[in-house]
């Protein structure tokens with residue numbers, strides 16, 4: 001990305017955009033180059049479009065297949081018993097083979113959720129444009145990449161051309177200053193932010209996260225934060241690369257090695273917004289104001305600190321908002337004014353592209369160690385490599401000793417496509433990203449929160465402040 | 001893609017905000033190839049009870065049969081990028097959704113399939129929903145003039161100008177991109193020479 005000494009100061013997003021613009025039409029539509037394209041089982045519509053045009057994948061070396069959405073999480077060695085799911089996984093294998101696309105398939109020891117595997121393998125790098133037919137592609141922005149989810153027609157377009165038409169989004173700067181309290185993390189930042197600006201608060205915007213609390217986050221934390229940018233409606237979220245980014249990337253299999261890495265790293269560190277660059281919208285949060293946060297409703301914006309209460313629609317002046325609250329708490333089976341800490345749960349789920357990396361599993365295990373879960377639950381690591389690492393650290397034994405089920409990696413109960421579903425009316429505490437109606441199964445009721453908060457809910461059998469379990473008391 | 005100009009048709013109210021794509025089409029229906037038809041899956045959780053009994057939404061009322069225009073509240077189609085949400089609306093018969101705002105990826109998916117996202121103010125959305133609730137059946141949405149008529153005073157709507165042209169002409173991005181093939185090749189050769197680290201190292 002060449003320096004332009006006389007130009008207007010640019011944000012990081014502006015720089016990534018400019019570096020990938022092949023051409024811009026008079027009407028502002030820009031054809032951008034795509035550096036990485038991840039496909040999964042759900043990409044079958046796009047491969048069918050390619051077939052209909054008898055087209056080939058234009059950039060097979062920049063395209064990677066990963067089986068995650070439909071894969072079974074139990075008893076994999078027996079093969080896939082469900083015919084429809086077997087077809088979905090088989091179609092991905094056949095399409096990747098046909099087009100010379102590398103696949104991390106069901107039997108690959110590196111298999112896992114696309115937004116965990118990409119970074120883990122070093123396929124995700126600073127400065128790249130990364131797309132995937134999955135809205136949580138925003139995750140990869142944690143590395144200072146422009147990463148966003150696209151629909152099937154766009155997947156077909158990227159497969160066919162290696163490019164995509166885009167209109168430049170507006171820019172939103174979000175800074176979080178100060179130090180987060182113990183037991184409070186990226187999930188709490190994200191939910192607090194979405195509660196404040198709304199599920200469409202960042203619509204049409206590219207978010208850049210900055211500030212001392214963001215700098216202090218690990219790559220795992222930054223991924224959680226960028227992952228949830230889409231839940232605020234943003235096109236993407238990103239954090240400028242720094243030493244934390246480089247430390248994570250060194251020695252990753254697909255990242256540059258040795259002198260090539262050092263040369264690339266020097267360039268990556270230059271991917272920063274200019275001093276004086278302006279955003280279309282700016283938001284500042286104070287880290288000290290962020291508390292352990294849970295959702296009570298059916299949209300990620302329906303979030304509040306654990307010591308708060310279910311809102312009373314009668315006290316909300318905005319009629320549309322009041323109607324939403326009324327509908328949401330009826331679906332969730334809650335009462336206005338009920339303390340969030342009184343909500344009893346039926347099960348827990350620890351998994352998903354939002355919160356199933358090693359740091360997430362460690363933080364849940366730290367609370368579950370030596371304790372029993374009072375409800376059943378599933379722990380599905382973000383990737384098969386995360387699973388192996390967790391087993392080497394003994395985390396699996398902490399989860400199973402607590403009474404939770406330790407299973408294989410995939411999207412699992414976050415979206416339920418593989419059959420990991422909740423029963424109608426069941427209530428979960430879940431480390432996932434969407435508390436939409438029916439997301440975890442028809443009639444399911446989802447409360448989303450951090451891994452530590454889910455672990456605490458598992459022990460208490462109800463939503464509770466995880467900080468009460470941070471110390472030694474194992475009673 | 002079929003061009004969109006004027007849609008005069010039965011309209012259906014869906015007075016709900018934040019109708020996410022998980023609600024538009026629940027994930028469990030998405031294994032089907034498109035040819036199977038996605039219309040029956042549309043808004044399944046809202047339309048049907050636990051035993052698949054219809055819950056009496058206007059969408060399923062006999063007088064709204066054949067509706068091509070849907071009117072909803074803000075942030076319609078947020079969430080998952082699943083284009084199947086657009087297939088479900090189209091296969092059910094819809095050509096246009098009127099709402100105060102749309103999910104970002106969803107709106108692109110709509111336009112890529114020739115489905116019109118017509119953006120109106122929250123007040124106008126409420127006025128249209130009110131008129132439909134009071135028994136109004138038909139609306140006319142004109143993409144050339146960007147006007148909605150049929151519910152008293154004419155209501156203006158906005159749509160991105162690029163999308164408007166694309167819909168009016170039934171243009172497909174892919175044909176356009178293919179015409180720039182040489183530019184893409186030249187650009188990418190230069191780019192990859194300047195930024196060799198972009199290419200994945202051998203795993």
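Below, the figures for the structure above:
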{"item": "Residue match in region B:50-61 (condition: over 18 Å from the mean Cα position of the chain (by Cα), more than 9 Å from chain A (Cβ to nearest Cβ), assigned to a strand (DSSP E or B) and at negative phi)", "result": "yes"}
{"item": "Answer from A:297, A:276 - the residue that is over 21 Å from the mean Cα position of the chain (by Cα) and assigned to a loop (DSSP other than H, G, I, E, B)", "result": "A:276"}
{"item": "Residues being in a helix (DSSP H, G or I) and at the interface with chain A (Cβ under 8 Å from one of its Cβ atoms) - total across region B:182-203", "result": "8"}
{"item": "Count of residues meeting criterion [crowded, with 19+ Cβ neighbours inside 10 Å and within 14 Å of chain B (Cβ to nearest Cβ)] in region A:247-292", "result": "10"}
{"item": "For residue A:470: the one exception among (1) within 14 Å of chain B (Cβ to nearest Cβ); (2) surrounded by fewer than 24 Cβ atoms within 10 Å (Cβ to Cβ)", "result": "(1)"}
{"item": "Extreme residue, nearest to the other protein chains (Cβ to nearest Cβ), among residues of region A:22-36 that are free of Cβ contacts under 8 Å to residues at least 60 places away in the same chain and part of a strand (DSSP E or B)", "result": "A:23"}
{"item": "Residue, nearest to the chain's Cα centre (by Cα), within region B:23-45, restricted to residues that are surrounded by 17 or more Cβ atoms within 10 Å (Cβ to Cβ) and farther than 18 Å from residue A:88 by Cβ", "result": "B:24"}
{"item": "Only listed residue being under 30 Å from residue A:56 (Cα atoms), surrounded by 15 or more Cβ atoms within 10 Å (Cβ to Cβ), in contact with a helix residue (DSSP H, G or I) (Cβ under 9 Å, 6 or more places away or on another chain) and at pLDDT 95 or above, chosen from B:167, B:139, B:132, B:199", "result": "B:167"}
{"item": "Check on residue A:48, out of contact with any strand residue (DSSP E or B) (no Cβ under 9 Å at 6 or more places or on another chain), surrounded by fewer than 23 Cβ atoms within 10 Å (Cβ to Cβ) and more than 10 Å from every other protein chain (Cβ to nearest Cβ)", "result": "no"}
{"item": "Options B:108, B:149: the member that is within 14 Å of chain A (Cβ to nearest Cβ) and either modelled with pLDDT of 95 or more or buried (at least 24 other Cβ atoms within 10 Å of the Cβ) (or both)", "result": "B:108"}
{"item": "Residue that is farthest from the chain's Cα centre (by Cα) [pool: residues in region B:152-168 that are assigned to a loop (DSSP other than H, G, I, E, B) and within 14 Å of chain A (Cβ to nearest Cβ)]", "result": "B:160"}
{"item": "Residue identified as at pLDDT 95 or above, within 11 Å of another protein chain (Cβ to nearest Cβ), more than 25 Å from residue B:31 (Cα to Cα) and assigned to a loop (DSSP other than H, G, I, E, B) among A:58, A:2, A:19", "result": "A:58"}
{"item": "Qualifying residue in region A:84-96 (condition: under 30 Å from residue A:15 (Cβ atoms) and in contact with a strand residue (DSSP E or B) (Cβ under 8 Å, 6 or more places away or on another chain))", "result": "no"}
{"item": "The listed residue being under 15 Å from the mean Cα position of the chain (by Cα), under 11 Å from residue A:172 (Cβ atoms) and more than 10 Å from every other protein chain (Cβ to nearest Cβ), out of A:218, A:229", "result": "A:229"}
{"item": "Residue match in region A:72-82 (condition: within 11 Å of chain B (Cβ to nearest Cβ) and either out of contact with any helix residue (DSSP H, G or I) (no Cβ under 7 Å at 6 or more places or on another chain) or over 19 Å from residue A:111 (Cα atoms) (or both))", "result": "yes"}
{"item": "Looking only at region B:2-41, and only at residues there that are within 10 Å of chain A (Cβ to nearest Cβ), outside any helix (DSSP H, G or I) and in contact (Cβ under 8 Å) with a residue 12 or more places away in the chain, the one that is farthest from residue A:444 (Cα to Cα)", "result": "B:15"}
{"item": "Any chance residue A:452 is over 28 Å from residue B:31 (Cα atoms), surrounded by 24 or more Cβ atoms within 10 Å (Cβ to Cβ) and either at pLDDT 95 or above or assigned by TED's automatic domain parsing to the domain that holds residue A:115 (or both)", "result": "yes"}
{"item": "The one condition in (1) in a loop (DSSP other than H, G, I, E, B); (2) farther than 21 Å from residue A:413 by Cα that residue A:81 fails to fulfil", "result": "(2)"}
{"item": "Test: residue in region A:60-73 that is over 26 Å from the mean Cα position of the chain (by Cα) and either surrounded by 16 or more Cβ atoms within 10 Å (Cβ to Cβ) or without any contact (Cβ under 8 Å) to a residue 24 or more places away in the chain (or both)", "result": "no"}
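Residue-wise test of (1) free of Cβ contacts under 8 Å to residues at least 24 places away in the same chain; (2) under 26 Å from residue B:82 (Cβ atoms); (3) not in a helix (DSSP H, G or I).
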position	(1), (2), (3)
A:334	no, no, yes
A:352	no, yes, yes
A:355	no, yes, yes
A:364	no, no, no
A:370	no, no, yes
A:375	no, no, yes
A:389	no, no, no
A:397	yes, no, no
A:410	no, yes, yes
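The values are calculated or read from the model by the stated rules, or taken from the named source; none is laboratory data. Keep in mind the model is a prediction, meaning the values are calculated, not measured. FYI the Cβ positions are ideal-geometry reconstructions off the backbone, even for glycines, and counts take in every protein chain you see.
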